[in-house]
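Notes follow the structure.
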Amino acid sequence: MTGIPFEETQRLPAYIFLIVMAVFAAIGAFVRWRTPATKRRSATWVLAGSAIFTVAMLLAMKMQTRVTEDAVEISLFFVLERRIALGEIASVEAVEYRPLQDFGGWGLRFGAGGKAYSVSGNQGVRLTLQNGEAVTVGSQRPDELSRAITDARARLPS
């Protein structure tokens, strides 16, 4: 087999940018109101620079999930990478989960349901590993991801 049977790139949802910009606008209004007139210009530049940097970082953030011939590979925000060998996986299940309640939000999270890698939405695939560890991988295409992992596992040599 050649090629990659499944690949998905997810980015942060647009409402995150709106929330961040609203927060910076509120901070900007507060800073202008509370800062003496002689220091407003420098405070405004610092705030603008912080806002631009934050938005640039948010735009760069993404999660990539790949299923290869022998592993599930997850790359989160260019920083966290995890490779789970297909032989380590005991079971695969497409699931709907509650990111805030189950894991405390998005990103790399830990909760009662194990680890979660996600950037948006509430769907994914729950992997139960041979050692009992549960890993939830967020996906906008959970059925396709689950099928790709199951098919790849079926092709492993016995």
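The values are calculated or read from the model by the stated rules, or taken from the named source; none is laboratory data. Since this is a predicted model, take the numbers as computed values, not measurements. For neighbour counting, all protein chains shown are included, and Cβ atoms are generated from backbone atoms with ideal geometry for every residue, glycine included. For the accessible areas, the whole protein counts, side chains as well, though only heavy atoms, and no ligand, DNA or RNA atoms are used. Shrake-Rupley method; radii C 1.70, N 1.55, O 1.52, S 1.80 Å.
Which residue is farthest from residue 16 (Cα to Cα), if the candidates are limited to the stretch 43-75 and must be of a type in the set (Val, Ile, Thr) and not in a strand (DSSP E or B)? Ranking the candidates gives 68 first. For the stretch 76-123, taking the residues that are part of a helix (DSSP H, G or I), open to solvent by 20 Å² or more (accessible area, probe 1.4 Å) and in contact with a strand residue (DSSP E or B) (Cβ under 7 Å, 6 or more places away or on another chain), the one that is modelled with the lowest pLDDT is identified as 102. Listed by first and then second residue, the pairs with beta-carbon distance under 7 Å, at least 6 apart or on different chains, first residue in the stretch 16-28 and within 11 Å of residue 47 (Cα to Cα), second at pLDDT 80 or above, are 24/47; 24/51; 27/47; 28/47.
Among the basic types (Lys, Arg), touching a residue at least 24 places away in the same chain (Cβ under 8 Å) and farther than 18 Å from residue 123 by Cβ: does that describe residue 98? No, not satisfied. Taken together, the residues in the stretch 17-48 that are open to solvent by less than 50 Å² (accessible area, probe 1.4 Å) and either under 23 Å from residue 76 (Cβ atoms) or modelled with pLDDT of 85 or more (or both) amount to 2. Considering (1) part of a strand (DSSP E or B); (2) farther than 28 Å from residue 18 by Cβ; (3) touching a residue at least 40 places away in the same chain (Cβ under 8 Å); (4) of a type outside the set (Val, Ile, Thr), the lone condition that residue 152 does not fulfil carries the number (1).
Identify all residues within the stretch 124-149 that are outside any loop (DSSP other than H, G, I, E, B) and among the charged types (D, E, K, R); write none if there are none. Of everything in the stretch 124-149, those that are outside any loop (DSSP other than H, G, I, E, B) and among the charged types (D, E, K, R) turn out to be 126, 143, 144, 147.
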